[in-house]
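Notes follow the structure.
The values are calculated or read from the model by the stated rules, or taken from the named source; none is laboratory data. Computed from a predicted model, the values in this text were never measured in an experiment. Using ideal geometry, Cβ is built from the backbone for each residue, glycine included, and neighbour counts are taken over all protein chains shown. Each accessible area value is taken on the protein alone, full model and side chains, heavy atoms only, with ligands, DNA and RNA left out. Shrake-Rupley method; radii C 1.70, N 1.55, O 1.52, S 1.80 Å.
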Amino acid sequence: MISFTPWALRLLGISGILGSILFILGDLLYNHVPGSIDSPAVKMSTMPESRLLSAGTLGLIGCWLYTLASLHLFIAFQPAGVIFAILSWLAFAATLISYGISHTAYFAIAAGAQVATQLGSGPLSGGKLGNALFQRLVYITYLPAAVFSLMMIYGIVSGRSMYPRWMVAFLPTVLYLLKTPVTRILKGHLQEIIHDSYDNIVLFVFFVLSTIVLWNGLVP
């Protein structure tokens with residue numbers, strides 16, 4: 001087993017929290033227009049360039065923090081064995097890095113929509129190619145996400161991790177699958193904010209709980 005200090009575990013968890021906050025802000029800069037029911041391409045077609053550039057930049061910085069935070073999972077699953085911990089960490093890290101790449105690729109939708117609008121065409125047609133790239137990246141990301149999710153479920157339910165068994169209810173994949181009922185329960189502006197940044201709110205909730213649960217996880 002590779003040794004880490006309690007503060008290493010804590011700081012890695014905090015890195016995930018900060019990374020998720022930056023991604024949430026980036027998501028809202030891309031997607032959030034209060035009261036709008038338009039598609040993302042239509043909304044972004046009229047946004048200031050500075051706003052869209054800020055949204056994309058936050059994804060890069062957030063991705064650095066997410067990648068660092070992936071080691072939080074490696075530590076948490078060391079009781080299951082170093083090989084298991086490494087494989088789950090690699091799958092989790094690959095997923096989080098994919099978040100950063102996909103977030104930046106989302107900018108292509110905005111750029112295409114804006115150019116199309118300036119040329120007198122429709123923003124949906126202008127953002128079509130960028131959206132195709134974004135969707136392709138999302139589908140590819142499902143593979144490492146499925147791997148780390150299954151490994152986390154096994155590790156936690158079997159008791160071979162530093163997490164209590166109830167933590168399985170707050171895994172990112174489980175929370176992600178609850179998007180529809182969660183957003184239906186909420187109303188008004190809060191519902192819009194949650195909907196427009198849900199994927200990274202899921203990771204925010206996970207890293208907050210994980211950091212709290214494992215705060216003293218390495219203390220004998």
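Here ILE156 meets each of (1) more than 25 Å from LEU28 (Cβ to Cβ); (2) open to solvent by 50 Å² or more (accessible area, probe 1.4 Å); (3) without any contact (Cβ under 8 Å) to a residue 60 or more places away in the chain with one exception, condition (2).
For (1) modelled with pLDDT of 95 or more; (2) touching a His at 6+ places or on another chain (Cβ under 9 Å); (3) not polar (S, T, N, Q), each residue gets a yes or a no:
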position: ILE17; (1), (2), (3): yes, no, yes
position: LEU22; (1), (2), (3): yes, no, yes
position: ASP27; (1), (2), (3): yes, yes, yes
position: ASN31; (1), (2), (3): no, yes, no
position: PRO40; (1), (2), (3): no, no, yes
position: SER45; (1), (2), (3): no, no, no
position: LEU53; (1), (2), (3): yes, no, yes
position: GLY62; (1), (2), (3): yes, yes, yes
position: LEU65; (1), (2), (3): yes, no, yes
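Of all the listed residues (LEU171, LEU203), the sole one being under 16 Å from LEU18 (Cα atoms), in contact with a Ser or Thr (Cβ under 8 Å, 6 or more places away or on another chain) and of a type in the set (A, V, I, L, M, F, W, C) is LEU203. For the stretch 159-178, filtering for residues that are open to solvent by less than 60 Å² (accessible area, probe 1.4 Å) and either over 30 Å from PHE74 (Cβ atoms) or outside any loop (DSSP other than H, G, I, E, B) (or both) leaves 7. Here is the figure for the stretch 136-153: residues that are open to solvent by less than 80 Å² (accessible area, probe 1.4 Å) and within 15 Å of the chain's Cα centre (by Cα) total 8. Among the residues of the stretch 88-129, the one identified as at pLDDT below 95, within 22 Å of GLY26 (Cβ to Cβ) and part of a loop (DSSP other than H, G, I, E, B) is GLY127.
Evaluation of GLU192 against the conditions (1) in a helix (DSSP H, G or I); (2) open to solvent by less than 60 Å² (accessible area, probe 1.4 Å); (3) without any contact (Cβ under 8 Å) to a residue 60 or more places away in the chain shows that the sole unmet condition is (3).
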